[in-house]
1. Quick one: Debye curve from the C-alpha atoms of the range 481-589, no solvent, what's log10 I(q)/I(0) at q = 0.11, 0.17, 0.20, 0.23 Å⁻¹?
2. In nm, give the distance between the simple-model label positions of residue 346 and residue 447, each being 7 Å from the Cα along the Cα-to-Cβ direction.
3. Taking 8 Å as the Cα distance limit and 6 or more residues as the minimum spacing, I'd like the relative contact order of the range 33-103 as a percentage.
4. Grab the DSSP H runs of the chain that are 4 residues or longer, score each as -39,500 (n - 2.57), total them, divide by all residues and round the 222 nm result to the nearest 500 deg cm²/dmol.
5. So, counting K/R as plus one and D/E as minus one, what does the shell of residues with Cβ under 13 Å around residue 10 add up to?
6. Please give the FRET efficiency for residue 263 paired with residue 65, using the beta carbon to beta carbon distance and R0 = 25 Å, rounded to the nearest 0.05.
7. Describe numerically, in nm with one decimal, the distance between label points set 7 Å from Cα along Cα→Cβ at residue 218 and at residue 391.
8. Count the lysine pairs in the range 484-598 whose Cα atoms sit under 16 Å apart, keeping only pairs 8 or more residues apart in sequence or on different chains.
Amino acid sequence: MKRSAILLAAAVILLGAVLSYASSWHESLIIDEVPHIGAGYSYVKKADMRMNPEHPPLVKDLAGIALLALPLKQGAFDSADWQKGVDGEWNFGRSLIFNTTGNDADKIRFVARLPMLLFFILGGTAVFVWTQKIYGRLGSFIAVVLYSLSTTILSHAHFVTTDVPALTGVLVSSYLFIKYLKNQTGKNLWWAGIGLGFALLTKFSTVLLVPYFFILAIVGYAVFLKTAGSRPISGTIKITLIAIFLIVSPVYFLNTFNYPIQKQIQDTKTFLAIYPNKVPVKIIETLSGVPVVRALAYYGAGVLMAEDRAARGGGTIFFLGKVYSTALRGYFPFVYLIKEPIAWLFLVVVAIVWFISRAIKSDWAKDKKTWAVNHFDELALGLWLAVYIFISVIGGLNIGIRHLLPIYGAAIILVSGAMVNIINAAKNRSAALGKITVTAIFVIIGFYALENFRAYPNYLSYFNQFISGTANASPEKNSVSNGASNYVVDSNLDWGQDLIRFSDWVKGQDIKKIEFDYFGWADPHYYLGDRYIWTYSKKYKDVADFIKNNQSDGWLAVSATSLRGSYGTDKNPSKPNYRWLDIYKPVANIGGSIFVYRIEK
């Protein structure tokens, strides 16, 4: 691998990291970050993981370790949320960050987010190395550009959340596992175990890697691993045991060392009280009282909590103008089509057509084993895409496009490889056709990059041109009825990220008072002070009621998710709601997620 290729890839990945972190400079803590940061700090300070067990600790640990550099006041630990509460991470996190005198919320935000970029950088490195191995330098360059300038990846890369870390965990562990399958040395086995353990500590959905690895081992054995000394199934078992007992268990041990055993037992019973299958619940409750395995039992409790939430769904969903109480199978495909740059979607379509045409023309049907040997990496990546997409589409959790991030690495590698193969095929026909093809592909990638810069810094609220006026929303683009919030909200558009920008706008306009329905967990009082008046959808029954009784001289701001979520479902409509605002055009649209109105007599 040439040094120049490595330096170029490093520069592009670093550019992506800088863009992501810089975009967060005026971005408030999103909903999930407040409990994650609070919980992570409590882990490293107290070695007690009573808070936020529904996510593995690795991401939160890194944020907490980073915060040790700040002289934070410890008053939040005196609260009932820490001492006695269950699910107390929400109030504890807010208290630690915003409500403890002497703690600077913005410093906490900057410092806690910084180590998250390590996952982004490691993920980019994995994309580069794996694509280089399969498709060479050109493929790896294309892949690194597509990864590092992805609006979806960059929007989440700096958050103290589990989505980009899961993307990275899937890539790293899959690469190391396939490397082991092809060369079953002791060294590769250990690295594969470490990689799987790392992935399992990022997000509970990565437990899908375990059955996925066994499927790969079986497929590999069937097609090309029937050689002397080849034992992929037993090797996969060993890799899983290494991951669970030598990586996951020690990390959980360190995080639960001071967690009182009786409280762990009681908390586990509370967390899993609604889990339908009582057999695994009883096993985990029992193991929670056994000191030598209670740390691992807590991981198991987290897995069950995550699985139960995925099965039950994440509450109500606003989709295409309506609020639903159940998941929709068309949700993820539609959101993907409007959230990803059109240039990327075009490349995906071209890649799919290429792979199908190559499959038809090739001799894979005649000699499947030879084909699988020569294309095992592609087969593995494609299998992961198929499995994860299928589970996501039929699952009950429509939480936004971020839920699909674990497949982004595989998709980028395969699309990049298709572009290289198309270029090579064109060159084989004629030099002129090769030049035209190279130019066309890089023009499309150029548009992809341009879309990233156009969206900056509002990556989270980015939508493509299939929806009018939503990319990089600005105060001049104030449409509500035709905007992105008419299609989807929540973490696709509004996750509480624009509170600081909103505060800056309010102060810049010298607005003395404003009623604000904020969808978020950061503290509006911290940034707005006495200018902020809390409001909610049922406070005013109509515009006349608002005009008569508001205390803000007609100023009203509503987060997009609060606005759309106020409607209620068709079967259970919520009234009063914000439909009386439909006839008004906002005077400002903050970051695409907060609509500001001035309603006067």
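Since every read-out is calculated from the coordinates, none of them should be taken as a lab result. Remember, it's a predicted structure, so these values are computed and weren't measured experimentally. Cβ: placed from backbone, ideal geometry, glycine included. Neighbour counts: every protein chain shown.
1. Reported log10 I(q)/I(0), two decimals: -0.34, -0.85, -1.18, -1.51.
2. 0.2 nm
3. So the answer I get is 41 percent.
4. For the chain, the value works out to -18000 deg cm²/dmol.
5. Around residue 10, the surrounding residues sum to +2.
6. Approximately 0.55, to the nearest 0.05.
7. 1.5 nm
8. Pairs that pass both the separation and distance tests number 6.
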